[in-house]
Amino acid sequence: MAQNASDLESISQTIHLYFEGMYHSDTEKLKRAFHPQASLYGYLEGELVIIPLDNWLAHVRGVPAPVENGEEYDMKIVSTDVTGAVAVVKVADLYLGKRFTDYLSLVKAEDHWLIVNKVFHYDA
């Protein structure tokens, strides 16, 4: 399966659902962007954390939306690498005052792309 413009557009739409979901604390958009069994991995306070999707969504629901706090919208795709029906997208985003770099692994499920894994780093 060759990479094509349709796949790149669909991947971009999924990533923008992710961005909008985080910026507006819209967990319905985030649920549409992520596979239900996705997990998040990264370091918080120097400790490796593994967060199941449902736990992360509960966190997003429980904090003020960045847009409500007047935080600027600063989220962008840095790179996209697609091989067949899998992809990795590197993004840079400002979220709750922290600058994150996320590596989002995606799979093509039928005719759309879903995030199955998020690995993150933030600059303290």
- Note on the structure: Pairs returned, first residue in segment 51-69 that is touching a residue at least 12 places away in the same chain (Cβ under 8 Å), second residue that is part of a loop (DSSP other than H, G, I, E, B) and surrounded by 16 or more Cβ atoms within 10 Å (Cβ to Cβ), beta-carbon separation under 6 angstrom, 6 or more apart or interchain, are Val60/Ser25; Ala65/His24; Ala65/Ser25; Val67/His24
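Would you mention how many residues in segment 88-112 are more than 24 Å from Tyr43 (Cβ to Cβ) and of a type outside the set (D, E, K, R)?
Let us first name the residues in segment 88-112 that are more than 24 Å from Tyr43 (Cβ to Cβ), namely 107-112.
Subset that is of a type outside the set (D, E, K, R): 107, 109, 112.
Counting residues in segment 88-112 that are more than 24 Å from Tyr43 (Cβ to Cβ) and of a type outside the set (D, E, K, R) gives 3.
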- Query: From the list Lys76, Lys98, which residue is at pLDDT below 95 and surrounded by fewer than 16 Cβ atoms within 10 Å (Cβ to Cβ)?
  - Reply: Lys98
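Can you name the residue in segment 106-122 that is assigned to a strand (DSSP E or B) and over 17 Å from Met22 (Cβ atoms) and is also least open to solvent (accessible area, probe 1.4 Å) among such residues?
Taking segment 106-122 and keeping what is assigned to a strand (DSSP E or B), we get 106-109, 112-122.
With over 17 Å from Met22 (Cβ atoms) added as a condition, the list becomes 107-109, 112-113, 116.
On the way: Val107: 47, Lys108: 62, Ala109: 31, His112: 78, Trp113: 2, Val116: 48 Å².
Checking each candidate, the answer is Trp113.
Residues are listed down the side, and each one gets a yes or a no for (1) β-branched (Val, Ile, Thr); (2) in contact with a Pro (Cβ under 8 Å, 6 or more places away or on another chain); (3) loosely packed, with under 13 Cβ neighbours inside 10 Å; (4) more than 15 Å from Val89 (Cβ to Cβ):
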position	(1), (2), (3), (4)
Asn4	no, no, yes, yes
Glu9	no, no, yes, no
Ala33	no, no, no, no
Glu47	no, no, yes, yes
Trp56	no, no, no, yes
Gly62	no, no, yes, yes
- When segment 79-89 is examined, which residues are found to be of a type outside the set (A, V, I, L, M) and either closer than 13 Å to Glu9 by Cα or open to solvent by 50 Å² or more (accessible area, probe 1.4 Å) (or both)? Ser79, Thr80, Asp81, Thr83
- Query: For segment 1-45, which residues satisfy the criterion of being aliphatic (A, V, I, L, M), in contact with a Phe, Trp or Tyr (Cβ under 7 Å, 6 or more places away or on another chain) and either free of Cβ contacts under 8 Å to residues at least 60 places away in the same chain or part of a helix (DSSP H, G or I) (or both)?
  - Reply: Ile11, Met22, Leu30, Ala33
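The values are calculated or read from the model by the stated rules, or taken from the named source; none is laboratory data. Only a predicted model underlies this, so the values are computations on that prediction, with no experimental measurement involved. With ideal geometry, Cβ positions are generated from the backbone for all residues, glycine too; neighbour counts draw on all protein chains shown. To get the accessible areas, we keep the full protein, side chains included, count just its heavy atoms, and leave off ligands, DNA and RNA. Shrake-Rupley method; radii C 1.70, N 1.55, O 1.52, S 1.80 Å.
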